[in-house]
Amino acid sequence: MELAALRRYIALALSWQEKLQQQAGDSPEQIAARKRAAIAVKRLRENAEQALARHTWLEQAAALEQQTLPTLLEQRKLTPRQANEQNRNLIAKIAKLQAEITALRELAQAKSASEAGGFVDLPLDAYPEALQEARVTPASGSLWQRLDAEDRRTILVTLAVLLVGMLLLFYFMRWRDQTRFEMVMEGTTAAPQLLLHCHSNEPFPVYLLMPWHDADSIISPVSDSELKFYQVSLAFRFDSQEPFRTLPPTEQTWQHDGQDLEYAGPVRILPQLSETLRLELGSLRESYPDAIGMRLQVRSARDRVVFSETVTWQGS
């Protein structure tokens with residue numbers, strides 16, 4: 001998707017989301033529309049991040065090609081005139097890519113329509129039709145086919161240099177859980193909150209699936225073999241002699257960046273970054289007044305428990 005089209009679609013999706021947030025009420029139709037708008041924003045951000053990764057890769061490949069020019073000149077595989085011409089072309093290409101990288105990064109991080117180019121005012125029922133062409137995220141194969149011969153050549157040069165290191169890193173990291181979790185209690189006695197801090201040391205993004213999500217709800221640019229996710233779950237105990245029981249998540253209010261995760265989809269954690277999830281415990285305890293405690297667990301994609309903490313209700 002071209003940069004101008006991507007900017008227009010992201011502005012449309014954020015405008016739709018903002019206009020829905022201005023509406024009062026929580027009818028089933030309004031909840032469904034908010035969920036659709038959140039999914040549209042998420043998918044378009046994924047598109048921007050895919051394009052950002054592609055442009056970053058091309059910029060690094062062009063810089064690497066530029067570094068080889070002195071060697072080619074020294075080995076007389078290029079004349080001084082050819083080397084200067086290639087160098088000028090690469091400088092222009094790198095500058096263009098860097099400008100587009102900056103624009104794509106701003107789009108991927110835009111939290112409001114104004115940050116994506118301005119609010120687009122349409123009737124509420126017109127937004128889905130206007131966004132229809134942007135719903136499908138291109139697959140990796142179609143992206144490769146859209147590259148020109150020069151882009152393909154620079155990518156292959158980069159791959160030849162990095163392949164061995166990438167394979168070794170993948171082999172080492174693939175079978176180890178490099179995401180760390182920590183639980184912290186905050187708030188007051190009347191309004192307690194649970195914070196789940198998550199830090200990823202993985203070489204590619206990982207996803208946190210909440211009780212409403214499964215692996216099929218992940219929209220990811222990486223292949224299934226690279227996809228890594230963790231499942232977050234709660235279980236409750238009603239008697240000290242009984243095991244913890246997992247209940248339907250209808251009463252759970254998990255939030256991330258102020259957004260209800262029931263409608264936002266899985267949480268993505270980028271490499272070397274952290275994310276924090278927030279759970280309102282006051283309303284949860286009111287929903288289960290007979291519970292004496294709660295267990296928070298995080299399981300890996302291989303169903304291995306990587307984190308587990310128990311919370312005892314005060315006064316129980």
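Quick one: would you say Thr276 is surrounded by fewer than 18 Cβ atoms within 10 Å (Cβ to Cβ), within 15 Å of Met183 (Cα to Cα), at pLDDT 90 or above and within 26 Å of the chain's Cα centre (by Cα)? Break it down stepwise before answering.
Numbers: surrounded by fewer than 18 Cβ atoms within 10 Å (Cβ to Cβ): yes; within 15 Å of Met183 (Cα to Cα): yes; at pLDDT 90 or above: yes; within 26 Å of the chain's Cα centre (by Cα): yes.
Yes.
Might you check whether a residue that is polar (S, T, N, Q) and more than 22 Å from the chain's Cα centre (by Cα) occurs anywhere in the stretch 27-47? Taking every residue of the stretch 27-47 in turn, at least one turns out to be polar (S, T, N, Q) and more than 22 Å from the chain's Cα centre (by Cα).
With the requirement that a residue be small (Gly, Ala, Ser) and farther than 21 Å from Arg43 by Cα, what does the stretch 231-273 give you? Break it down into steps so the answer makes sense when it comes.
Within the stretch 231-273, the first condition is being small (Gly, Ala, Ser), and the residues that meet it are 233, 235, 240, 258, 264-265.
Once the filter is applied, which keeps residues that are small (Gly, Ala, Ser) and farther than 21 Å from Arg43 by Cα, the stretch 231-273 yields Ser233, Ala235, Ser240.
Report the residue count in the stretch 244-268 for those that are in a strand (DSSP E or B), over 15 Å from the mean Cα position of the chain (by Cα) and surrounded by 15 or more Cβ atoms within 10 Å (Cβ to Cβ).
Restricting attention to the stretch 244-268, the residues satisfying the condition of being in a strand (DSSP E or B) are 245, 254-256, 259-260, 267-268.
Retained after the next criterion (residues that are over 15 Å from the mean Cα position of the chain (by Cα)): 245, 254-255, 260.
Cutting the leftovers down to surrounded by 15 or more Cβ atoms within 10 Å (Cβ to Cβ) gives us 254-255.
Summing the residues that are in a strand (DSSP E or B), over 15 Å from the mean Cα position of the chain (by Cα) and surrounded by 15 or more Cβ atoms within 10 Å (Cβ to Cβ) in the stretch 244-268 gives 2.
Reported count of residues in the stretch 15-35, each being crowded, with 18+ Cβ neighbours inside 10 Å and out of contact with any Lys or Arg (no Cβ under 8 Å at 6 or more places or on another chain), is 5. If you filter the stretch 116-141 down to residues that are farther than 22 Å from Ala33 by Cα and in a helix (DSSP H, G or I), you find that the one that is modelled with the lowest pLDDT is Ser140. For the stretch 87-108, the condition holds for at least one residue, the condition being that it is closer than 29 Å to Trp212 by Cα and assigned to a helix (DSSP H, G or I). The residues of the stretch 292-312 that are among the aliphatic types (A, V, I, L, M), under 23 Å from the mean Cα position of the chain (by Cα) and modelled with pLDDT under 90 amount to a single one, Ala301.
Counting just the residues of the stretch 188-214 that are aliphatic (A, V, I, L, M) and part of a loop (DSSP other than H, G, I, E, B), which one comes out modelled with the highest pLDDT? Of everything passing the filter in the stretch 188-214, Met210 is modelled with the highest pLDDT.
For the stretch 4-30, which positions are assigned to a helix (DSSP H, G or I) and among the polar types (S, T, N, Q)?
Start the filter on the stretch 4-30 by keeping residues that are assigned to a helix (DSSP H, G or I), which leaves 4-21, 28-30.
Of everything in the stretch 4-30, those that are assigned to a helix (DSSP H, G or I) and among the polar types (S, T, N, Q) turn out to be Ser15, Gln17, Gln21, Gln30.
Within the stretch 269-303, which residues are in contact with a Lys or Arg (Cβ under 9 Å, 6 or more places away or on another chain) and assigned to a loop (DSSP other than H, G, I, E, B)? Residues satisfying the conditions are Ala291, Ile292, Ala301. So for the stretch 66-88 (the condition being within 30 Å of Val206 (Cα to Cα) and among the β-branched types (Val, Ile, Thr)), does at least one residue qualify? Scanning the stretch 66-88, I find no residue that is within 30 Å of Val206 (Cα to Cα) and among the β-branched types (Val, Ile, Thr), so the answer is no. Filtering the stretch 38-80 to residues that are among the polar types (S, T, N, Q) and either assigned to a helix (DSSP H, G or I) or buried (at least 16 other Cβ atoms within 10 Å of the Cβ) (or both) leaves Asn47, Gln50, Thr56, Gln60, Gln66, Gln67, Thr71.
The values are calculated or read from the model by the stated rules, or taken from the named source; none is laboratory data. Bear in mind the structure is a predicted one, so any value in this text is a computation, not a measurement. Please note: Cβ atoms are built from the backbone with ideal geometry, for glycine as well, and neighbour counts cover all protein chains shown.
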